[in-house]
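Asker: Got a structure for you, written out below as structure tokens; questions coming shortly.
The values are calculated or read from the model by the stated rules, or taken from the named source; none is laboratory data. Treat the numbers as computed from the prediction; the structure is a model and nothing was measured. Don't worry about glycine lacking a Cβ; one is built from the backbone with ideal geometry, like all the others, and counts go over all protein chains shown.
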Amino acid sequence: MVKIRLRRLGAKSAPFYRMVVADVASPRDGRFIETLGHYDPSKHPQVVQLREDRVIHWLSRGATPTRTARSLLRQQGILKRWHEMRHPGCGGAGVAEGAEEAAEA
């Protein structure tokens with residue numbers, strides 16, 4: 001099974017992270033398949049840079065993000081775009097638009 005997770009780098013009191021695709025059996029800072037971007041929580045504001053096309057590629061191939069990785073993907077809007085690609089026309093707004101059109105008629 002493949003996961004999208006964070007790999008810790010940096011000094012003892014100044015960590016930064018790389019978002020990587022790795023096998024579940026690999027250790028946190030061990031072997032990985034591909035680097036998707038980086039996250040630096042020590043900067044203000046926090047720096048998150050991800051390669052969206054590669055993240056969507058791995059999500060579509062079945063990679064599961066960890067809780068923290070999912071949170072970062074949600075903050076960047078990548079999960080929403082991936083969901084919209086998988087389910088076109090489904091966004092919750094369609095129900096409200098249909099109700100407004102029926103009320104106008």
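Asker: Among the residues of region 6-52, write down those that are of a type in the set (D, E, K, R) and assigned to a loop (DSSP other than H, G, I, E, B).
Answerer: Lys12, Arg28, Asp29, Arg31, Lys43, Arg51
Asker: Continuing with the same structure: Would it be correct to say that Phe16 is at pLDDT 90 or above and under 17 Å from Leu59 (Cα atoms)?
Answerer: Answer is no for this residue.
Asker: List the residue pairs whose Cβ atoms are under 9 Å apart, where the first residue sits in region 76-105 and is at negative phi and at pLDDT 55 or above, the second is in a helix (DSSP H, G or I) and loosely packed, with under 12 Cβ neighbours inside 10 Å, and the two are 6 or more positions apart or on different chains.
Answerer: As it stands, the answer is Trp82/Ser60; Met85/Ser60; Arg86/Ser60, since those pairs meet every condition given.
Asker: For a quick check of your reading of the model, give me the residue pairs whose first member lies in region 32-45 and is in contact (Cβ under 8 Å) with a residue 24 or more places away in the chain and crowded, with 17+ Cβ neighbours inside 10 Å, whose second is among the hydrophobic types (A, V, I, L, M, F, W, C) and not in a strand (DSSP E or B), with beta-carbon atoms closer than 8 Å and at least 6 apart or on different chains.
Answerer: Leu36/Val55; Leu36/Trp58; Tyr39/Leu72
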